[in-house]
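As structure tokens, the structure follows; a few thoughts come after it.
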Amino acid sequence: MPAFPAMATCSAQIHFTMTASRRHSRLDRLLIEAEHALATSFIAQPAARRANPAASTPDGALEDAQRRHAAGLMRVNHVGEVCAQALYFGQAAVASDAATRTQLLEAAAEETDHLAWCGQRLRELDSRPSLLNPLWYAGSYAIGLAAGLRGDGWNLGFVVETERQVEAHLDQHLHALPGTDARSRAIVQAMKADEARHADHAQAAGARILPAPIQRAMRVASGLMKAVAYRV
């Protein structure tokens, strides 16, 4: 299927297309969104702008059970990046402020790096991404649209809460990964630093604090996703 490699490269650069000076018709935007959804859902390792943080890290010895566990955790992280892409693009699609839209799309571009790194590590662990990636993407995109329609303050607040929860879950993975899996650990550490920075930027841009029930609902949904993605 020769179209997919090209789509992978396009997915990494699509935020530039969407913020280009010329105006896009509704059909143009629909096609751009559809292309991004397909690339994110079906390409495990898109083109990354930054080098893999584990590139110079040797691959430690893993027993079969450890390898399966590490693969399950990295599959969860890969799904998290699929969801992040969908959330950011859904939010950006309805953001009323150009600066907010640009910030969301720039963060999405960095999340594409995470997607690539996790995809590469899954392949090294002789595993695969979640079979439910199209479902994860569709659900997260709908949530992103809903958050964006509440206004830019709530939009950015959703970014802050999402990234804080992701940062916490990545910290858990740093403790849960096998001690000899230095390559996965290097990737997770780099991802965690990026997520914290995204949250800080959104906070500085005027994010509103989400109500406690929404924060709890987000944690419940995230827990369900992690439990399923670890296995499927």
Please give the peptides 77-89, 160-172 ranked by average Cβ packing (other Cβ atoms within 10 Å per residue), highest first, as a rough proxy for protection. 77-89, 160-172
CD proxy, 222 nm, the chain: helix-only mean residue ellipticity via -39,500 (n - 2.57) per DSSP H run with n ≥ 4, per residue, nearest 500, stands at -26000 deg cm²/dmol
So, counting K/R as plus one and D/E as minus one, what does the shell of residues with Cβ under 10 Å around Ala70 add up to? +4
Dipole of the chain, positive end: most advanced residue of Gln172, Val232, Pro129 [Cβ charges, Cα centre]: Val232
Under a 5 Å amide H to amide H cut-off, with H placed in plane at 1.01 Å, what residues pair with Ala207 once short-range neighbours are removed? none
What is the percent of Cα-Cα separations in the chain that go past 28 Å? 26
Peptide ranges 68-74, 194-200 listed from the most packed, as the mean C-beta count within 10 angstrom indicates: 68-74, 194-200
Counting Lys and Arg as +1 and Asp and Glu as -1, what is the net charge of the other residues whose Cβ lies under 12 Å from the Cβ of Arg219? +2
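Each value in this text was obtained by applying a stated rule to the coordinates, not by laboratory testing. The model shown is predicted, which means the values in this text are computed figures rather than measured ones. Cβ atoms come from the backbone with ideal geometry, glycine included; neighbour counts cover every protein chain shown.
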